[in-house]
Amino acid sequence: MIRFLAWRLLSGVVVMTLVTATVFFVTRMLTDPVRIMLPLSASQEDYDRLEASLGLDQHLVTQFWEFISGAVRLDFGESFWQGVPALEVVIGRLPSTFQLVSASMVVAVVLFVPLGMAASLKPGGWLDRILVSASLFGLSMPQFWLGSMLIFVFSVKLGWLPTSGSGGPEHLVLPAFTLALTSGGRIAQITRSSMLDQLNRPYVTTLRAKGMGRSYVLFRHVLRNALLPIVTLIAYESAFAMAGYAVIVETVFAWPGIGRLAVQAVTQRDIVLLQALVFVAALVVVVVNTIADVIYKMIDPRVNIS
Amino acid sequence: MTEGFDSGQADHQILLSVADLAVDFDTESGIVHAVQDVSWSIGAGETLGVVGESGSGKSVTAAALMDLIPITGRVVNGTFIWHGDRVGSAELARLRGSKITMVFQDPMNALNPLVHVGRQITEVLVKHVNLSRSAARRRAHELLELVGIPDPSRRMRQYPFEFSGGMAQRVVIAMALAAQPEVLIADEPTTALDVTIQAQILDLMSELQKELGIAIVLITHDLGVVAGVADHLAVMYAGRVIERGRSADVFANPYHPYTRGLLASTPHPRDVIDRLVPIKGNPPVVTELSPGCAFADRCPEAHDRCRVERPPMSAVPSHPASETVVLRDREVACWNAF
């Protein structure tokens, strides 16, 4: 386990270095933040002065060296836009995203894993057919549209929930469901196919021949075997949602998470903030994947994570 | 056709009988009659060999008994008799896993890969024998010792993937013996194992049978497997039993041309014969059965009647030279037998 974690730490460092380096160069090559920050009437001297104050006048390699030596100390510099350390801005937004994504995953798991299980027990039955077409519907529905529809029905028409913003738990409901419904379709599908696969395994026949009850076989034996692909998907969905998938939902519902911050950073051409954001997002992905691997090992003794 | 099972095997107490079993399967090409009019019975402590090639319906019979028929199939007819009483599905469900247990073909896949071997045995004890967890663990330990697994305490905490095929089959046997069954159904118990291990497992099963007095239904395609161990044989072809009798009699004087073909195509360690004689052709597709004998198309001795009228199972003398017919002792479904 320790060897595994050490290995994971090492590969995580490599991944994050590559990701942040890519963002560093791409942002500098594709945009000119100085030009955008200045009014159109600004002179060349104004431009030069601002460029020098932001450190953007130096050679790209020098800039990169400064960036890396700062990043090692978790110092990404000050956000152009907000004038405070960029990492602080990102970390300040992280809990909101975390709250949204975990709420939506809980909803997705609680709602859709049992649904997928139930559908797998009678393949081709009415529940199965409804689930297969409904989850396809959920998958193909764009989040911005689904989110807008939910706002229209539950906030505008029924007036049960706030349209957007943050505050109490009532603000969390619609964005969490919007995220959950799209991930949920996939989770239900994977649960169904994984359960179907397991239900046809010989050990299930053995258990039935042993006279073990149906629900005992299902919950004590089959579910655990079916769990690996489900855990993989949940990890993927959460990592993906936290590292950017939530952008749309957070924007639609004006949820103050890192997804919305990313959109703001891009529109403000705040490359320092963007770098810190990407760094944190990559870190989240690495951490979630590591947790998923540890869970695999807990579920399946055959998994060799070292 | 199947009345009075007790008459022929009066010297043994009949434990379990299957009578007139018929199982159908829905397939894309229509309804398949996987098993029809299948009857057999087994006495306490006996071994019944059910022999046939794949698709002959030998496993379906056991599956029907254990309620393991896949959802595409259903039992359309049949009676199960346990200790002389006809049992319905509810009573059968109570016997299943405790009094009637089963050992399967592929031991590595017959065990749940994620659950300790010990728990897969103790759960049977907790369910059927009402033992406490700790008593069940002690009993599982004894069972593993009984089936010849060294160091049971350590082995109980291991997972199936840490076992070899032969050792895993011993675990499956221990599991099947846990609730002290009276009948053990072994469906191709050695097919997935190495040849050397096969003999060990068969020896183990005979030893356990002697020690515990269980009846064994040994389902196999391999006559070599049943040769030494079965008291009675039922030979199946295309979903029907076509010959039945004491194992020694069937081996010495097979009546049915199919049984003869099966024996001729099986290597025998004692008689060094020049060559094995295969049975020509393939088993019929059970959707397109003729009204006659299912074997007629492959049978070297078939005549016109065989193709139009199905021969019923009829009592015959234990061997052709003898004139005494002991009812139910020896039966064959072939027009040429009488």
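Where a number appears in this text, it was derived from the coordinates with a stated rule and is not lab data. Keep in mind that what you see is a predicted model, and the values were worked out from it rather than measured. Cβ: placed from backbone, ideal geometry, glycine included. Neighbour counts: every protein chain shown.
Here are a few things to note about the model shown:
- Inter-chain shielding of B:155-164 (mean C-beta neighbours from other protein chains, 10 Å cut-off): 1
- Other protein chain Cβ atoms within 10 Å, averaged over every residue that makes up B:112-122: 4
- Here the spin labels are modelled as points 7 Å beyond Cα on the Cα-Cβ line, and at A:Arg3 and B:Ser206 they lie 4.7 nm apart.
- Efficiency of FRET between B:Arg307 and B:Val129 - r from beta-carbon atoms, R0 45 angstrom, step 0.05: 0.25
- For chain B, built as a Gaussian network whose Cα springs stay under 10 Å, the top-fluctuating residue of B:Ser314, B:Ser132, B:Ser54: B:Ser132
- Tensor-based shape of chain A (alpha-carbon gyration tensor, a/c under 1.5 rounded, otherwise prolate or oblate): oblate
- Inter-chain Cβ neighbour average for residues B:101-110, partner chain, 10 Å: 4
- Inter-label distance for A:Phe240 and B:His319, nm, one decimal - labels placed 7 Å from Cα along Cα-to-Cβ: 7.4 nm
- Cross-link partners of B:Lys99 among lysines, defined as those whose alpha carbon lies under 19 angstrom from its own and excluding same-chain residues fewer than eight positions apart: A:Lys210, B:Lys127, B:Lys210.
- Site pair A:Ile91 and B:Asp26 shows an inter-label distance of 6.2 nm when each label is modelled 7 Å from Cα along Cα→Cβ.
- Over chain B, DSSP H runs of length four or greater, each weighted -39,500 (n - 2.57), average out per residue to a 222 nm ellipticity of -8000 deg cm²/dmol.
- Acute angle (nearest 10 degrees) that the helix B:133-146 long axis makes with the longest principal axis of chain B, alpha-carbon atoms: 50 degrees
- Ordering B:Gly224, B:Ser132, B:Pro312 by the projection of their Cα atoms onto the charge dipole of chain B, which places +1 on the Cβ of Lys and Arg and -1 on the Cβ of Asp and Glu, puts B:Ser132 at the extreme positive end.
- Full extension of the chain between A:Ala134 and A:Leu158 yields a length gain of 6.3 nm, computed as 0.36 nm times the residue separation minus the alpha carbon distance.
- The packing ranking of peptides B:169-176, A:79-86, highest mean first, is B:169-176, A:79-86, where packing means the average number of other beta carbon atoms within 10 angstrom of each residue.
- Region B:191-210-region A:111-129 distance, computed between alpha-carbon centres (Å): 42 Å
- For a straight C-alpha distance cut-off of 22 angstrom, the lysines reachable from B:Lys280 (same-chain residues fewer than eight places away being disregarded) are B:Lys58.
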